[in-house]
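Where a number appears in this text, it was derived from the coordinates with a stated rule and is not lab data. The shown structure was predicted, so the numbers you read here are calculated from the model rather than taken from an experiment. Neighbour counts run over all protein chains shown; Cβ positions are idealised from the backbone, glycine included.
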Amino acid sequence: MENKDIYDDISSIKTIMERSAKFISLSGLSGVLAGIYALIGSFIAYKIIPIYIFPQLFAYYATGKEMTLGMSYDTDFNYITVLIVIAIVVLLLSISTGILFSIRKAKHKGQKVWNESSRALLKNGLLPLLAGGCFVVILLMQHYYGIIAPACLIFYGLGLAAASKYTYGDVKWLGLSEIILGLICMLLPLYGLLFWALGFGVLHILYGAIMYYKYDRGNRAA
């Protein structure tokens, strides 16, 4: 009986220490919704931009030579702008949803969203994301469109891996999966949109579903 009490006390202390050191208010449902946003964005891009454009869109990366993407410079610029706008909208929706669901989960647990663990998570994950954002902007300026999709996946994965120390360990596996997918995409640049949909769409949905059933569902039932 005494051994059981000691074990329970140790488990309670371990739980308290983990909660103080790690940000555990990430919501699995927000990951699922982020994946859905990405799939919808990919589908819209696929429907708006003519299918024959995509091979030419990445031709500069593949051949190192300028090639026209459409009928004129303005048309080419519009295609790129559409992809950028869709990506930004998906990003903003995903961030907003993640923040809202994290706040709701933290309130349900009686915890604060903005604390030392969340600040550490943001600090560690933000540097790779900022570096990746600057890198992608440079790629756009230099017309290396074929590397943009894999670069987004790789730097996003690096950000997740760096931040995973201060949250659930599952985030690290998502980050590694994004990095691997980005590296494969580097070998197949003409399929950037497909890999973008797989990385930010399918992987997020799988990750969010796993997170929900491992951490959120039990808490809701309780």
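So if R0 is 45 Å, what FRET efficiency would His108 and Ile44 give, r being the distance between their Cβ atoms, rounded to the nearest 0.05?
Once the sixth-power term is evaluated, E becomes 0.85.
Output the peptides 133-141, 154-162, 170-178, 185-193 sorted from most to least packed, where packing is the average of other Cβ atoms within 10 Å over each peptide's residues.
154-162, 170-178, 185-193, 133-141
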